[in-house]
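Okay, so here's the structure we're looking at.
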Amino acid sequence: MALSKPSPEAGAGAEPPEFMVRAENVHKSFGRLEVLKGIDLEVRPGEVMVVVGPSGSGKSTFLRCINHLEKINGGRLWVNGHLVGYRQKGDRLHEMRDREVAAQRRDIGMVFQRFNLFPHMTALGNVMEAPVQVKGLPRAQVRKQAVQLLERVGLADKTDSYPSQLSGGQQQRVAIARALAMEPALMLFDEPTSALDPELVGEVLEVMKQLAVDGMTMIVVTHEIGFAREVGDSLVFMDGGVVVEKGRPRDIIDNPQHPRTQDFLSKVL
Amino acid sequence: MTLTDENVPRERPTEIRAVPVRHYGRWVAAALILYIAIWAVYSVANNERFGWDTINAWFWDGAILDGIVTTLELTVIAMLMGVVGGVLLAVMRLSPNPLISGVAWLYVWVFRGTPVLVQIILWFYVKALIPTFSLGIPFGPTFVHFNANDLITAFVAGCLGLGLNEAAYMSEIVRAGILSVDPGQSEAATALGMSRAKIMRRVVLPQAMRVIIPPTGNETISMLKTSSLVSVIALSDLLYSVQIVYNRTYQTIPMLLVASIWYLVMTSILTVGQFYLERYFGRGTAQRQTMLERFVANLRVRSGRRP
Ligand SMILES: Nc1ncnc2c1ncn2[C@@H]1O[C@H](COP(=O)(O)OP(=O)(O)OP(=O)(O)O)[C@@H](O)[C@H]1O
Ligand SMILES: [Mg+2]
C-alpha cells in the first residue's frame, strides 16, 4: 500500500514526514468534563502502536481527534505532516472548511467497534462507496480494486452479501476493506474485536497482522494483549486522560513500571 | 464425555410428517364470518334504495372520470411537493446553522398550525391580496413580474394549499426517519471523507426510508381524500364532480357511493404500491412476503412439499 504523497506545504523536499502522527499536549473536554489532559506521542510511518487502558480513559476520544471527528481544545496534532483541522497563519490558527477537513480524512482509515457497515449496500457496494463517491473514480476500475481488497481479507465469495447476511468477523473484515479502499496512509482501529464472539476474533486479528506486515501505519486500541506483544511496535497505556506509560510492548507487558499499569495488566492478562 | 466417530456414517432419519394441529375454533369462526358477509352483500345488493342502477349508469361517466383524473393529479403533485419540501425542511431543521433550522421550524409552525382548508382558500384569493408580484432591486430593474390573476388558477391554488401544508407534515416524518438512523452510520461515512450532503443522500436517507415510507403511504392515501377539500374553490375533482350531478338529480346517496367506490379502488392500488416500495427499501434486512406469497407457501407446506 503506497503512502500518499505529502503535500508541498508539509515542508521542502518530497521525503515522507518523520512522523505519521504527532501529538503535542493535546487537550479535549466535553463541556466541563476534561477527557484528554495533555497527550504527547509520536507514531512513525510503518509503526504499529497499540493503545490500552481502562474504560473511560479517553482512548476512543483520542482516536477520534486524530481524524477530527472531535475538535481538540488545546495543543497541536499533526497527521502526515499536516495540522489536523486547522491552518497556521503566523501565530494564529484558522479553522478549516468542512471540505478541507473531509479531504484530510481521506488519508486516514478508521475501523469501529460496531463495524458500522452500510446495511443497504452489499459488501462490494460498501467497499466501492467512498472511492466512487469521494474520489470520483470510474466504477469499473473501483470494482476491480474492491474485489481484490475483499479477496485480501478472505471474503472473495461474499461480494454480493448484505451485512446482515455476514457474521461479525466477516462484517469487520469488510469494514477493514472499506477503509483500505481509500488507500489511507494511516489506519485507526477502535477495539475492532471487542464486539466479536471469541472464535471470530482470530480472523480479524489475522487480517490486521497481515496489514502490519505490509507496512501500514496503524494505531490500534485493543484489549488483545497477545496481539500487542506479537504485532505492536510500541505500546501506550492510557489512564484518566493521560499517557501513563509507553514503550516496547514486551517491556511494558512483562515488566510494567507504573502501579496503575501493573494493576490494569493484572486484570486483562 | 462421549465422542462421535465421524467415520461411521449415520443413517439419515426419515423426514417428520406429523399431522398438523387442527384449529376447529378457527373454522367455526370463519364459517360464521362468511355467513354474515354473504348476508350483508346480499341485502345491500337487493336494497333498491341504494340506487344500483344509478351507480351503474354514472360509474364510467366522462365527468366522473375527469374528476378522478383531477383528484389523481392533485394527489400526485401535492405529494411530490410534500415529499421534496419535507426532505428539504427536515434537512434544514437538522442543520447546525440556527438561522436555517429556525426558518424550517417557523414554516412547520405556520403551515401545520392552520387549517388546510383555510390555506387553500387563501391561495385562491391571493390575487386579491397580492395582485402583482415582482422580484428585483427596489427602484432598480425588475427581474421577474407575475400577475397573480394569470398565475393562480383554481388548480394551482389547490396544489399550493395541499402541497405546502403536506410539506410541513412530511418534514416531521422525514426528520423522525433521519433521527432513527444509527449515528455510527454518519460517523463511518464522515471518516471515509464523505461530505455532509453525500452522507445524507447516499447513507442516511436510504436507511431512513424504511421508517419514512409507511407513514408516507398513509399520508398519500389521506391526501387522496383530503384533496376533495378543493371543492370549496370549485375545482372539479372526483367529489365535486359527483356533487354537481346530485345537485341536479338529487340522487345523493348513489352518487356518493360512486365516489366512495372509486376512492376505495384508488387507495387499494396505492396500498399495493406501498408494499413493494417498503420491500425495496428494506433490502439488506428481513424480506417481507405478500399475503399471496404467504398463502402459497402455506399451501405447499400443507401439501407436504418444501416451500
Ligand atoms: N460526545 C461525548 N460527550 C460527552 N462525553 C463524552 C463524549 N464522548 C466521550 N465522552 C466521555 O469521555 C470519557 C472518555 O471516553 P472514551 O470513549 O474516549 O473512553 P475509552 O477509553 O474509549 O473507553 P472504552 O474502553 O469504554 O471505549 C468518558 O467519560 C465518556 O463518558
Ligand atoms: Mg472506546
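Amide H contacts of A:GLY74: A:HIS27, each under 5 Å away and 5 or more positions distant or on a separate chain (H built 1.01 Å from N in the peptide plane; Pro and chain starts excluded). Measuring nothing but protein heavy atoms, the accessible surface of region B:208-248 at 1.4 Å probe radius is 52 percent carbon and sulfur. Restricting attention to the protein assembly as shown, close to 65% of DSSP beta bridges with both partner residues there are antiparallel. Each peptide among B:112-120, A:203-211, A:114-122 gets the average number of other Cβ atoms lying within 10 Å of its residues, and from highest to lowest they stand as A:114-122, A:203-211, B:112-120. Just the accessible area for B:LEU32, please: 1.4 Å probe, Å², rounded to the nearest 10? Here the accessible area works out near 110 Å². Excluding ligands, DNA and RNA and using a 1.4 Å probe, chains B and A jointly bury around 2000 Å² of accessible surface, summed across both partners. Measuring nothing but how far apart in sequence close Cα pairs (under 8 Å, 6+ apart) lie, relative to its length, region A:84-232 scores a relative contact order of 28 percent.
Peptides B:213-221, B:131-139, A:59-67 ordered by packing proxy, namely the average of other Cβ atoms within 10 Å per residue, highest first: A:59-67, B:213-221, B:131-139. Inter-chain Cβ neighbour count for A:111-123, averaged per residue, equals 5 (cutoff 10 Å, partner chain atoms only). Evaluating 6.51 cos²θ - 1.76 cosθ + 1.60 at θ = phi - 60° for every residue in region A:110-116, the Karplus couplings come out as 9, 10, 9, 4, 9, 6, 6 Hz, glycine and proline recorded as x.
Each residue of region B:127-139 is assigned a 3J(HN,Hα), and the resulting list reads 5, 7, 7, 10, x, 10, 9, 10, 10, x, 8, x, 6 Hz, derived from the Karplus form 6.51 cos²θ - 1.76 cosθ + 1.60 (θ = phi - 60°), x at Gly and Pro. Relative to a virtual label point 7 Å from the Cα of A:ASN25 in the Cα→beta-carbon direction, which members of region A:74-116 show backbone nitrogen distances below 14 Å? Answer for this model: A:74-77. Site pair B:VAL144 and B:LEU34 shows an inter-label distance of 6.2 nm when each label is modelled 7 Å from Cα along Cα→Cβ. Close Lys pairs in chain A (alpha-carbon distance under 22 Å; sequence gap of 8 or more, or different chains): 18. Among the protein heavy atoms of chain A, carbon and sulfur supply 46% of the accessible surface, probe 1.4 Å, non-protein parts ignored. Working from Cα pairs under 8 Å separated by at least six residues, relative contact order for chain A is 25 percent. With a 10 Å cut-off around each Cβ of A:160-172, the average count of Cβ atoms from other chains is 1.
Convex hull over the alpha-carbon atoms of the protein assembly as shown: what's its volume per residue in Å³?
Working: hull volume 164.3 nm³, N = 576.
Cα convex hull per residue, to the nearest whole number: 285 Å³.
Please compute the contact order of region B:105-234 in relative form: average sequence separation of alpha-carbon pairs under 8 Å and at least six residues apart, divided by the residue count, as a percent. In percent, rounded to a whole number, it is 28.
Amide H to amide H, with H built 1.01 Å from N, A:VAL244 comes under 5 Å of A:PHE237, A:MET238, A:ASP239, counting only residues 5 or more places away or on other chains. Screening chain B for whole DSSP H helices of 15 Å or more along their axis (Cα) with average Kyte-Doolittle hydropathy at least 1.0 returns B:24-45, B:62-93, B:98-113, B:154-180, B:252-281.
The mean number of Cβ atoms from other chains found within 10 Å of a Cβ in peptide B:206-218 is 1, as a whole number. If the segment from B:ALA154 to B:VAL232 were pulled out straight at 0.36 nm per residue, it would be longer than the present Cα-Cα gap by 27.1 nm. Between amide H atoms placed 1.01 Å from N, distances below 5 Å from A:GLN113 occur with A:ASP190, all of them 5 or more places distant or on a separate chain. Surface exposure of the protein assembly as shown, expressed per residue as accessible area with a 1.4 Å probe, stands at 56 Å².
Along the Cα-to-Cβ line of B:PHE275, 7 Å from the Cα, sits a label point; which residues in region B:193-218 have backbone N less than 11 Å from it? Backbone N within reach: none found. The packing ranking, built from the mean of other Cβ atoms within 10 Å per residue, places the peptides B:271-281, B:78-88 in the order B:78-88, B:271-281, highest first.
Do the sum for the protein assembly as shown: with -39,500 (n - 2.57) for every DSSP H run of n ≥ 4, divided by all residues, what is the mean residue ellipticity at 222 nm, to the nearest 500 deg cm²/dmol?
Numbers: 22 runs with 300 residues, N = 576.
Counting only the DSSP helices, I get -16500 deg cm²/dmol.
The values are calculated or read from the model by the stated rules, or taken from the named source; none is laboratory data. Please read these numbers as outputs of a predicted model, since none were measured by experiment. All Cβ positions, even for glycine, are placed from backbone atoms using ideal geometry, and neighbour counts span all protein chains on display. The protein model used for the area step is the full one, side chains on, heavy atoms only, and it has no ligands, DNA or RNA in it. Shrake-Rupley method; radii C 1.70, N 1.55, O 1.52, S 1.80 Å.
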